[in-house]
Amino acid sequence: MNSTGNKILRVIIFDDNKNVRESVAMLLSTTENMQLVAAFESCKNMLQQIELSKPDVILMDIEMPMLNGIDAVKELRSKFPNLPVLMLTGFEDDEKVFASLCAGANGYVLKNASMESLIQYINEVYSGGAPMTPVIARKVLNQFARVQPTQKQGEDYNLSTREKEVLQLLVKGKSYKMIADELNVSYETVHSHIRKIYQKLQVNSVGEAVSKSISQNILKAFLF
């Protein structure tokens, strides 16, 4: 059962690889609750294309001509701060992963992931999750851990103990479902906690939340 109910998710993809675009199109054509409404080989006129396509989720490659995916996410966040963006790429480069999430991407999945996993990630990122493969989650955590504190250490932004527990699991790359299972609460409860975490930290994505929590040492008693 997916978390989107009966809604048909409108998905668009930006990827300069024709085979990837066609594979995603074929996959979504056989997926009951999803529809690929547009596919683009570059991010030229990206904001206008998003405005016209009205997507629920964006799949974004990193290495593209004219405007790379990282800079594209930064640009679209100025106009679409809450639109879910899932980075779809073949790169496992730590810096690119770090830059993508800090730019405002909501999740990150490798192109060699199974098609079943991709469908799961699209559903999850639409529902407010932050899907990442375990390998990528570990790389992101390692990269974030190198960020030097920039403000008063230990400030907790009035996060409750449970919200800190949820944030800790986000930092470790856990999905909403995994967090729910680990804390023995419902998926909806986890979603509610994360909305409150975003509000208190004044962020819009898991990348921003994780970066802020580590750079400001919010989870000093929890992290490692």
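Quick notes on this structure:
- Rounded to the nearest Hz, the phi-derived 3J(HN,Hα) couplings of segment 174-184 under the Karplus curve 6.51 cos²θ - 1.76 cosθ + 1.60 (θ = phi - 60°) are 6, 7, 4, 5, 5, 5, 4, 5, 5, 8, 6, where x marks glycine and proline.
- Set LYS74/LYS96; LYS96/LYS212; LYS164/LYS212; LYS54/LYS96 screened for pairs whose C-alpha atoms are more than 20 Å apart: LYS54/LYS96
- Proxy reagent accessibility, fewest Cβ within 10 Å first, across ASP71, ASP15: ASP71, ASP15
- Shape class of segment 1-128 from the Cα gyration tensor (axes a ≥ b ≥ c, square roots of the eigenvalues): rounded, since a/c falls below 1.5.
- Extending 7 Å from Cα along the Cβ direction at LYS74 and again at ARG162 yields two label points whose distance is 3.8 nm.
- With θ taken as phi - 60° and the Karplus curve 6.51 cos²θ - 1.76 cosθ + 1.60 applied, the whole-hertz 3J(HN,Hα) list for segment 40-49 is 10, 8, 8, 9, 4, 6, 4, 4, 5, 5 Hz, x standing for glycine and proline.
- Under-5 Å amide H pairs with SER42, H placed in peptide plane, nonlocal only: ASP15
- Label-to-label distance, ASN19 versus ASN112, with points set 7 angstrom from Cα along the beta-carbon direction: 1.3 nm.
- Three-way shape call for segment 62-122 based on the alpha-carbon gyration tensor, with the a/c threshold at 1.5: oblate
- Taking θ as phi - 60° and the Karplus parameters 6.51, -1.76 and 1.60, the scalar couplings of segment 60-70 work out to 10, 6, 8, 8, 9, x, 6, 9, 6, x, 5 Hz in sequence order, x denoting glycine and proline.
Laboratory data are not the source of any read-out in this text; all were calculated from the coordinates shown. Since the structure is predicted, the reported quantities are computational estimates derived from the model, not experimental observations. All Cβ positions, even for glycine, are placed from backbone atoms using ideal geometry, and neighbour counts span all protein chains on display.
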